[in-house]
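Engineer: Handing you this structure, nothing more for now.
The values are calculated or read from the model by the stated rules, or taken from the named source; none is laboratory data. Because the structure is a prediction, the values reported are computed rather than measured. Here the Cβ is made from the backbone with ideal geometry for all residues, glycine too, and neighbour counts use every protein chain on show. Surface accessibility is based on the protein's heavy atoms, side chains included, excluding ligands, DNA and RNA. Shrake-Rupley method; radii C 1.70, N 1.55, O 1.52, S 1.80 Å.
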Amino acid sequence: MTYIVEYMTQQHRCCDESFAAAEEAVSKQNWSEASAQMAVFSRDLGIHFTNEEEHLFLAFEEVSGNTGGPTSVMRVEHQQMRGMVESMTQALQAKDADNYLGLSETLMILMQQHNMKEEQILYPMTQQMLPDTAAVISSMNDL
Amino acid sequence: MNTAGISLDNVPEFRTPMGFFLLAPWFGMLAALLLLLYPEMIGSRWHPAMLATVHLLTLGFGAMIMMGAMIQVLPVVSSHPVPAATALSPWIRAGLVSGTLCLSLGFLFMQKSFFYMALPLLGGAFLMFLSAMGLALLRVKKGGDSVFCLRLAVLCLLITVVFGVMQLSTYMDLRWVGYSFERTNNHALLGLVGWGVLLIMGVSFQVIPMFHVAPAFSRWFCRGCPILLVITLAVAAFANDSVSSGALLLLSLIVSSYGVYSLNLLYRRKRKLKDYTVRFWQLSFVNLIVLCLLYVLNKLSVFLLIEQGQFHLLLGFGFGLGFVVSIMLGMLQKIVPFLMFLHLQRACIDDTDAFMRLPNMRQLLPVSDSKWQFQLHSAALATLYLSFFAKDLEHPLLMVAAVIFLLSFTWLLKTLWQANRRYTESLPQALLPNISD
Ligand SMILES: [Fe+2]
Ligand SMILES: [Fe+2]
């Protein structure tokens, strides 16, 4: 895939899968399955965030000369989500299903809203602005 | 490309939408109380108490929540804020509250003086809302499908309000307007199906995939369905009788296909957890589909209720309480704790300790509260439907339904009130003075 929108959107969907699987396992108190899925989810989400922060956003900021704009909001939201993933991991280790589900509910909406902004605004914008999208994509890590 | 004008961070202050949400249940409670006091209103749509109840529900509850939600949702889906939202909101709320009360008192006691007060109050509230919203919607350059749908919804609201104003002027003996009561159906149709369905559609395109990790609505549907709906609605409202009757039939098919499609997407959602928002969506879409079916059957002379006036009241109440209000109740269970969390998180972005101690969504609005809300609302709806078939027991059953609706709206107030208290208590102390001024 050479298009940023498709490539990155695909990564979002991939994270959704393990996220939903982990959540379902927690709700059934299946802790081993939950830990396994959560490990996949936090690894994939981490890779995706790094792809954005160190490759895509960086390239966008260079071309647009704008470091205080949309990408800075996205970076802040990544920090918020990282914090939530950490809290969820702690809840998982403590086998506290209520706390985990309360947090995961919040993270899910936060993440979907964040992804929506990227998919509908930021990715199409980078797609148009970057001179060599294929190079940026090949510099990123697959999930 | 100019990236400076695009902001990905446009969430209005929390008190702006919450102010609307906290006022709405009071009007639901008032409407239920009227139904309890005047069950005989069910005999005619022109009964003074019926007109008062309907407007308490549509303006006081429905429009109140929809306006609050729209001020919140538009910046998220379009990346453009609603101009002067924070400054205008208290005035819009004040106009809507006082105007709706005056209008309802006017209907209840058929007092012209109340109508004279209601007209400028409601007119002013809608004028402020529609101009701010219209401006925001016009400013959005590359709007997605939701924005497209919201634009059409706002247009329908505008026409509904204009019709409503003309209607009110006949009550005030302003004959020069030349409006006749035969247009009441258009006022109701544009308000419920135009503004109501289009707004819900626009929001659902965005929210069903987002909240429930369900597949997205297909592009052609997101464009085609609202366009088709508006054209059919226009024909139904303004063509002559036989054409209009055909258009209404088509309209119920379009609306029910939206319901079937949404149910299917919800069924295919990835998040299969027990979730009362999903149940509310399902309840409302099932209501919608069944009502459309009954309408079509009625047109084909398969009568559920022989008395046509009663049948239309059943459709109206079923649509309003079973479809629209169910969705609102479901959305509030999610949107309110989410917004609270979002604002709390922003408030302590630099304070890791405070961040880790933040209550999560389920602590802000417990699942047990949502569960009770769902059960009370479903029970009230079921009793209401039953009352239409109860012959001699119609009034007693209606009064039972009214009591359960009263409980349900009171429960909503309690839930929102407690959630708001938990939110305020969780705010970092340093921020409180800023929030209150
Ligand atoms: Fe991101
Ligand atoms: Fe992303």
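Engineer: In peptide A:107-116, what is the residue-averaged number of other protein chain Cβ atoms found within 10 Å of each Cβ? Numbers along the way, then the final one.
Structural biologist: Details: counts 3, 8, 11, 4, 2, 7, 9, 1, 1, 6.
Averaged over the peptide's residues, the number is 5.
Engineer: Follow-up. For chain B, what is the calculated [θ] at 222 nm in deg cm²/dmol (nearest 500), taking -39500 (n - 2.57) for each run of four or more DSSP H residues and dividing by its residue count? Write down the numbers at each step before the final one.
Structural biologist: Numbers: 18 runs with 318 residues, N = 437.
Calculated from helices alone, the mean residue ellipticity at 222 nm is -24500 deg cm²/dmol.
Engineer: Please name whichever of A:ALA59, A:TYR3, A:GLN112 sits farthest to the positive end of the charge dipole of chain A, dipole taken about the Cα centre and charges placed at Cβ: Lys and Arg +1, Asp and Glu -1.
Structural biologist: A:GLN112
Engineer: Which of the helices in chain B meet the span-like rule: DSSP H, Cα axial reach of 15 Å or more, Kyte-Doolittle mean at least -1.0? Could the numbers behind the result be given before it?
Structural biologist: Working: long enough: B:15-37 (34 Å, 1.65); B:64-78 (21 Å, 1.90); B:85-109 (35 Å, 1.32); B:112-139 (40 Å, 1.44); B:145-171 (39 Å, 1.72); B:198-212 (20 Å, 1.66); B:219-238 (29 Å, 1.61); B:241-267 (39 Å, 1.19); B:276-299 (34 Å, 1.18); B:326-347 (32 Å, 1.09); B:367-387 (30 Å, 0.19); B:394-426 (48 Å, 0.42).
Correct list, ordered by number: B:15-37, B:64-78, B:85-109, B:112-139, B:145-171, B:198-212, B:219-238, B:241-267, B:276-299, B:326-347, B:367-387, B:394-426.
Engineer: Anything losing 10 Å² or more of accessible area from the isolated chain to the full protein assembly: pick those residues out of region B:248-278, probe 1.4 Å, ligands and DNA/RNA ignored.
Structural biologist: Those residues are B:LYS270, B:ARG271, B:LYS272, B:LEU273.
Engineer: Give me the summed buried accessible area for the A-B pair, 1.4 Å probe, to the nearest 100 Å². Don't skip to the answer; put the middle values down first.
Structural biologist: Details: alone 7340 and 19650 Å², together 23750 Å².
It comes to approximately 3200 Å² buried between A and B.
Engineer: How big is the charge dipole of chain B about its Cα centre, in debye rounded to the nearest 20, if each Lys and Arg gets +1 on its Cβ and each Asp and Glu gets -1 on its Cβ?
Structural biologist: Dipole size: approximately 960 debye.
Engineer: Please return the longest stretch of chain B lacking exposed loop sites, where GluC sites (Glu not before Pro) count only if DSSP places them in a loop and at most 16 other Cβ atoms lie within 10 Å. Write down the numbers at each step before the final one.
Structural biologist: Values: sites that count: B:GLU13, B:GLU307.
Free of exposed loop sites, the longest segment is B:14-306.
Engineer: With a sphere of radius 12 Å drawn around the Cβ of B:LYS272, what net charge do the other residues whose Cβ falls strictly inside it have (Lys, Arg +1; Asp, Glu -1)? Mind showing how you got there, number by number?
Structural biologist: Working: positive: A:LYS28, B:ARG268, B:ARG269, B:LYS270, B:ARG271, B:LYS274; negative: A:GLU23, A:GLU24, B:ASP275.
Around B:LYS272, the surrounding residues sum to +3.
Engineer: Separate question: Per residue, how much accessible surface does the protein assembly as shown expose to a 1.4 Å probe? Answer in Å², no decimals. Walk me through the intermediate numbers first.
Structural biologist: Numbers: 23750 Å² over 580 residues.
Counting only protein heavy atoms, the per-residue value for the protein assembly as shown is 41 Å².
Engineer: While we're on this one: Of the accessible area of region B:273-423, with the probe set at 1.4 angstrom, what percent is carbon plus sulfur?
Structural biologist: Working: 4040 of 6090 Å².
Here carbon and sulfur together make up 66 percent of the probe-accessible area.
Engineer: For helix A:70-93, what angle does its Cα long axis make with the longest principal axis of chain A, in degrees from 0 to 90 and rounded to 10?
Structural biologist: The angle comes out at about 20 degrees.
Engineer: Would you mind telling me the share, in percent, of accessible area of region B:11-143 contributed by carbon and sulfur at probe 1.4 angstrom?
Structural biologist: Working: 3710 of 4960 Å².
Within region B:11-143, the accessible surface is 75 percent carbon and sulfur.
Engineer: How much net charge surrounds B:THR352 when only the other residues with a Cβ under 13 Å from the Cβ of B:THR352 are counted, with Lys and Arg +1 and Asp and Glu -1?
Structural biologist: Numbers: positive: A:ARG82, B:ARG357; negative: A:GLU86, B:ASP350, B:ASP351, B:ASP353.
Taking every Cβ under 13 Å from that of B:THR352, the sum is -2.
Engineer: While we're here: With the dipole of the protein assembly as shown worked out from charges on the C-beta (+1 for Lys and Arg, -1 for Asp and Glu) around the Cα centre, which of B:GLN111, B:PHE211, A:ILE47 lies farthest toward the positive end?
Structural biologist: Most positive-ward Cα: B:GLN111.
Engineer: Ignoring ligands, DNA and RNA, please state the percent of accessible area on region A:4-138 from carbon and sulfur, probe 1.4 Å.
Structural biologist: 50
Engineer: Distance check, please: which entries in B:LYS274/B:LYS414; B:LYS270/B:LYS414; B:LYS274/B:LYS391 exceed 28 angstrom between their Cα atoms? Walk me through the numbers on the way to the answer.
Structural biologist: On the way: B:LYS274/B:LYS414 23 Å; B:LYS270/B:LYS414 32 Å; B:LYS274/B:LYS391 38 Å.
Result: B:LYS270/B:LYS414; B:LYS274/B:LYS391 exceed 28 Å.
Engineer: Right, something else. For a Förster distance of 45 Å, can you work out the FRET efficiency between the beta-carbons of B:LEU393 and B:LYS272, rounded to the nearest 0.05? Before the final figure, lay out each step's value.
Structural biologist: Working: r = 40 Å, r/R0 = 0.90.
The formula returns an efficiency of 0.65 here.
Engineer: Assign one of three labels to the protein assembly as shown, namely rounded, prolate or oblate, based on the Cα gyration tensor with a ≥ b ≥ c the square roots of its eigenvalues; rounded applies when a/c is under 1.5, prolate when it is not and a/b is larger than b/c, and oblate otherwise.
Structural biologist: prolate
Engineer: Calculate how steeply helix A:4-27 sits against the longest principal axis of the alpha-carbon atoms of chain A, using the helix alpha-carbon long axis, and give the answer as 0 to 90 degrees to the nearest 10.
Structural biologist: 10
Engineer: While we're here: Going by a ≥ b ≥ c, the root eigenvalues of the Cα gyration tensor, does chain B fall in the rounded group (a/c under 1.5), the prolate group (a/b larger than b/c) or the oblate group? List each step's numbers first, then the result.
Structural biologist: On the way: a/c = 1.39, a/b = 1.38, b/c = 1.01.
Rounded is the answer for chain B, as its axis ratio a/c remains below 1.5.
Engineer: Something else about it: What does the structure give for B:353-366 when I average, per residue, the other chain Cβ atoms found within 10 Å of the residue Cβ? Don't jump to the answer; show the numbers that get you there.
Structural biologist: Values: counts 0, 0, 5, 4, 0, 5, 2, 14, 9, 9, 4, 2, 1, 2.
Taking all residues of B:353-366 together, the mean is 4.
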